[in-house]
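Student: Attaching a single structure in structure tokens format; questions to follow.
Read-outs: derived from the displayed coordinates by stated rules, not from any lab. All values reported here derive from a predicted model rather than from experimental measurement.
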Amino acid sequence: MVGSVLLRVFSEDDLPMALDLATDPYIPLIGTIPANADDTQAIDWIQRQLQRHHEGVGYSFAIADSTDGRGVGAIGLWLTQLRHGRATAGYSVAPRDRGQGYATDALTALTDFAWTFPDLHRVECILRPGTPPQFAPQNVLGTHAKD
């Protein structure tokens, strides 16, 4: 647990969060949840998150509020480039839960986890285009963009 979040395994209790993520116009373009997903499509997306590690691509976690365990987003550490010392972090916070510091706390927790991999030297973060610099979690964390 870091600050306001706990990174945990997805469950079907995350259905409201998944449905909310699917309403964002950008998230379905970069991920595997369909735009305006119905309950069945959202549950299928949750099930796919549970398979990411078994598929060998990395780790997918639900971002949960640390006080009540409610899912507020998704975050992943993708390790397909670990042999080159790199990993990729991507995250999405449900529209109803944005602006509360969840992304910053989740990225802090994820990078703490990432540094437990001895061969990892860099974590690249995928950001939503147009995120104002003062609000971009990587800037809050004190990291920097690569040119």
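Student: Tell me whether region 1-72 comes out rounded, prolate or oblate; compute the Cα gyration tensor, take square roots of the eigenvalues as a ≥ b ≥ c, and use a/c under 1.5 as the rounded threshold.
Tutor: It is oblate, given that a/c is not under 1.5 and a/b is not larger than b/c.
Student: Can you list the HN-Hα couplings for region 50-55, worked out from phi with the Karplus curve (6.51, -1.76, 1.60; θ = phi - 60°), rounded to whole Hz and with x for Gly and Pro?
Tutor: Coupling constants for region 50-55: 5, 9, 3, 5, 5, 7 Hz.
Student: I've got another one for you. Stokes-Einstein D for region 37-100 at 20 °C, 1.002 mPa s, Kirkwood Rh over Cα pairs, in µm²/s?
Tutor: For these conditions, the coefficient is 164 µm²/s.
Student: What area, in nm² and to one decimal, does the C-alpha convex hull of the chain cast on average over all directions?
Tutor: Mean projected area of the Cα convex hull: 8.6 nm².
Student: In degrees from 0 to 90, rounded to the nearest 10, what is the angle of the helix 102-114 Cα long axis to the longest principal axis of the chain?
Tutor: 50 degrees
Student: Hey, another quick one. Could you give each residue of region 32-44 its phi-based ³J(HN,Hα) in whole Hz, using Karplus coefficients 6.51, -1.76, 1.60 with θ = phi - 60°, and x for Gly or Pro?
Tutor: Residue by residue, region 32-44 yields 10, 7, x, 4, 6, 4, 8, 4, 5, 5, 5, 5, 4 Hz.
Student: Under the definition of Cα pairs under 8 Å and six or more residues apart, what whole-number percent is the relative contact order of the chain?
Tutor: Result for the chain is 23 percent.
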